[in-house]
């Protein structure tokens, strides 16, 4: 699912070509619009969904990529996008 402003404007074919998203069957990749707004609405209207959101929030772990000693080099190496065929 491609969400938000980014998802709205990204070309699925181009994103697959450069490896940004996996090469899945075309029907499995779709635009979902403003997913944050929909999630907020679900949390306001449903105690079950609000509980699910709280559970997910408790399991989130922050990972600081900048603190990883090899991150910069790995990032630069990954910028070598494949050429269009």
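Here the range 15-38 is the region considered, the condition is being over 15 Å from the mean Cα position of the chain (by Cα) and part of a helix (DSSP H, G or I), and the residue that is farthest from residue 4 (Cα to Cα) is 17. Checked against the criterion of being more than 20 Å from the chain's Cα centre (by Cα), in contact (Cβ under 8 Å) with a residue 12 or more places away in the chain, in a loop (DSSP other than H, G, I, E, B) and surrounded by fewer than 10 Cβ atoms within 10 Å (Cβ to Cβ), the range 58-76 contains not a single residue that satisfies it. If you filter the range 17-40 down to residues that are under 24 Å from residue 80 (Cβ atoms) and touching a helix residue (DSSP H, G or I) at 6+ places or on another chain (Cβ under 9 Å), you find that the one that is surrounded by the most Cβ atoms within 10 Å (Cβ to Cβ) is 29. Of all the numbered requirements in (1) modelled with pLDDT of 90 or more; (2) surrounded by 10 or more Cβ atoms within 10 Å (Cβ to Cβ); (3) assigned to a loop (DSSP other than H, G, I, E, B), residue 43 misses one, and that requirement is (3).
Whenever a residue of the range 3-26 is touching a residue at least 24 places away in the same chain (Cβ under 8 Å) and on the phi > 0 side of the Ramachandran plot, its partners that are in a loop (DSSP other than H, G, I, E, B) and surrounded by 12 or more Cβ atoms within 10 Å (Cβ to Cβ), lying with C-beta atoms within less than 8 angstrom and at least six residues away or across chains, give the pairs 4/34.
The values are calculated or read from the model by the stated rules, or taken from the named source; none is laboratory data. Please read these numbers as outputs of a predicted model, since none were measured by experiment. A quick note on method: Cβ atoms are made from the backbone with ideal geometry, for glycine too, and the neighbour counts reach across all protein chains shown.
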